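Engineer: Okay, here's the structure, questions in a sec.
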Amino acid sequence: MKNKGLILLLIILASCGRQSQDKTITTLPESKAINGWINIARDSVPLSLDNRKDYLRMAESKANSITNDTIRLDHLSRISLAYKKLKDSLEFRQMNLKVRQLSEDDGIFKALGESHWDLAAFFKSYMVMDSAYFHYQQAFKSFDKLPIDSTSQSLRGRILYNMGSIQDYFKDYLGAETNATKALRIFNDLDDELRIYNCNNMLGAINSNMKNSEKALEYYMKASVYLYNPKSSHNKNLIWQNQNNIARVFMRNGDYEKAEGSYTKLINDYDLRSLNPELYSTVQVNLAYTLMKKEKDIAKSQNLLQSSIAINDSIGFSMDQARAKQYYAEILAIQKDTLKAVQVANEALVLAEETSNNEHFLEVLRLLTNIDVGNAVAYSNQYYTLSEKIKEEERMIRDKFARIRLETDEVIEQNEVLTRQKQIWIGAVLGLITLGLAFFTIISQRITNNKLKFEQKQQESNQEIYNLMLSQQGKFEEGKQLEKKRISEELHDGILGQMLGIRLILSGLNEKEDPSSVEQRSELLEKLQGVEEEIRTISHELSDASYQKIHNFIVSIEELINTTSKSSGIECSFKYDEDVKWDSMVGDIKINAYRIVQESLQNCVKHARCQKVDVNFSVKEGLLKLVIADDGVGFDTGKGKRGIGHRNVISRVEKLNGTLSLNSKKGKGTIVTVVLPTQYVQLESQADIIEYRQMLNV
């Protein structure tokens, strides 16, 4: 029985980050207005997203006019958190960077540490753990420069706890235990009971992962002492979680009698199912596993697992569903229902992959190797490959954290030795040699000390470079392909069209009777035609890439339509469904939709001789419908040669598995209708359950 669920729970608890609880204590009218606007933006759900952002822009403008650096930074920090709550990652990152730069310039270390903390929590929510750990380190360094009091100590302890949770996730148990223990000492001094519970709970999980059951049980029992404070509104959930943790230690230690008793007590708690169905489902799975291991009442185990699977499906709780179906498949195998056991095991395999749960993925592969004899070799090979890959990744991460600790300890030790040597030399110089020799020795020691400081800074820089390399790995080739596609389509849709127009103008001028003009324009036409062919060749050579992403989709479409209207004099209108999360669509759909509209508008300007163009976007039943209608001269759709622009539109629609409809009659205008299947990127609320390998490039 693995502890993956508990690890994810600790990460979720730690990933809440810094809450915007620090109220600006001031009677300034500006601050009251700013706080009011921020609260409206954060909490006024009935308002549109654009309106809520307008309030934040008003707050930012007013905050920038405040001369007090501390108050101004406090407001800007709260504005950045408000953007984060609105899931506007771009504005959050920009505002966070601004706060960090201002804090560093002004030497306001509390604001600097909090901004690093906010950014670390942001990365952790997207499971970008290496970047999160780096910014937690930076936050700790900033808080460590604050005067020692209860507030600064609490900040240091909370950062240490978050760093420990990341190290526990990466199975750097020694580092996680060290940081969690340091945090526990701080919270013990502050008598912060809830965080004392959290630290003991984490230490219990760490020791459980290290298979030190006795120590894990000791920490869980210590944690339970702090759960009976009647002032806490979360006591009931925490008590249930603590009881589940203790029962799991019994189960992992093979003490199934005690495990059964603890899980049965939880199952019989009437409030557990209604108030915390996820935990109730998990307890059912654990009890079923315990009974199965005891070879006692297999039928009851089966009923518990079926109930758990049904609950998970009803509440959309997929984190523990793979484990439930794995155990259910084991019971079916025990009952000799091999065919259904293989079917359920494969369902568990798919769920484990979807939730990035490598441990359960390996366990299900091992189960399938035993029960699906015909495919045993394939499952075995897949198990071996994935197992080796996971071990290698874990080894690299552990080595990374170990190297950081070792280098830091060495620098500290060298600084301590250097400090002692400096004192000895100063004493010896003062007592034995002249003032000149003493001066020379002191300078030498300072040079050596500066060298060590330089080495320490270099190590910090190397760590930062490592994090940047890790976050940018694999992006280089993607960038090349994106740039190729961009150049290809821009050459055709922009430069090529303009040069074609120039050639047509020169063709008209070439009709003059002046022999010199005729000869000159013929030469220009030949040169332009050669350049045109060269650009066309480049465009086709580069067209194997795909442009992946476009930000601010609706704004980009509006700018395109407005630009076309102003430059051509055509009246253009644009309508779209405001309830659709357009920027959440995958980048391929957005850029191709943009280019289809762009090509259609160019055709209206060049050929339609229209007075008005209407563009309409809508989404219904999973389909994106684009309609571009003009009141121009129209044309016979059954005749005429199709240019490369029209072929590009057809190619884009086919690439996205869409349909293109062209409705036009002479004198009746033209209607272009494109229907595309929609796809959306994952929402931030789902990011807590994906693995470290996923990175959001924001």
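We did not get these values from a lab; they are worked out from the coordinates using the rules stated. The structure displayed is predicted, hence computed values, not measured ones. Methodologically, a virtual Cβ is constructed for each residue, glycine included, from the backbone with ideal geometry; neighbour enumeration extends over all protein chains shown.
Engineer: Eigenvalues of the Cα gyration tensor times 5, then square-rooted: what semi-axes does that give for the stretch 296-359, in whole angstrom, largest first? Could the numbers behind the result be given before it?
Structural biologist: Working: eigenvalues 75, 42, 15 Å².
Rounded to whole Å, the semi-axes are 19, 14, 9.
Engineer: Please give me the summed charge of the neighbours of LEU291: other residues whose Cβ is under 10 Å from its Cβ, Lys and Arg +1, Asp and Glu -1. Intermediate results must be reported in sequence, preceding the final value.
Structural biologist: On the way: positive: LYS293, LYS294, LYS296, LYS300; negative: GLU260, GLU295, ASP297.
Value of the local net charge: +1.
Engineer: Considering only GLN101, GLY113, PRO46, whose Cα is most displaced toward the positive end of the charge dipole of the stretch 24-148, charges sitting on Cβ of Lys, Arg (+1) and Asp, Glu (-1)?
Structural biologist: Of the listed residues, the answer is PRO46.
Engineer: In a shell of Cβ-Cβ distance under 12 Å around SER568, excluding SER568 itself, what net charge do Lys and Arg (+1) and Asp and Glu (-1) give? Could the numbers behind the result be given before it?
Structural biologist: Working: positive: LYS566, LYS606, ARG609, LYS612; negative: GLU571, ASP630.
Here the count lands on +2.
Engineer: Something else: Using a cut-off of 13 Å between beta-carbons, work out the net charge of the residues near GLU578 (Lys and Arg +1, Asp and Glu -1, GLU578 not included).
Structural biologist: Working: positive: LYS575, LYS581; negative: ASP50, GLU558, ASP577, ASP579, ASP583.
So the surrounding residues net to -3.
Engineer: Further question: Do any of LYS236/LYS620; LYS62/LYS625; LYS84/LYS575 go past 32 Å between their Cα atoms, and which? Display every interim value, and only then the final one.
Structural biologist: Numbers: LYS236/LYS620 44 Å; LYS62/LYS625 41 Å; LYS84/LYS575 28 Å.
From LYS236/LYS620; LYS62/LYS625; LYS84/LYS575, over 32 Å: LYS236/LYS620; LYS62/LYS625.
Engineer: Please give the Cα centre distance for the stretch 310-342 versus the stretch 644-674, rounded to the nearest Å.
Structural biologist: 48
Engineer: Given the C-alpha centroids of the stretch 83-104 and the stretch 253-287, what is the distance between them in whole angstrom?
Structural biologist: 42
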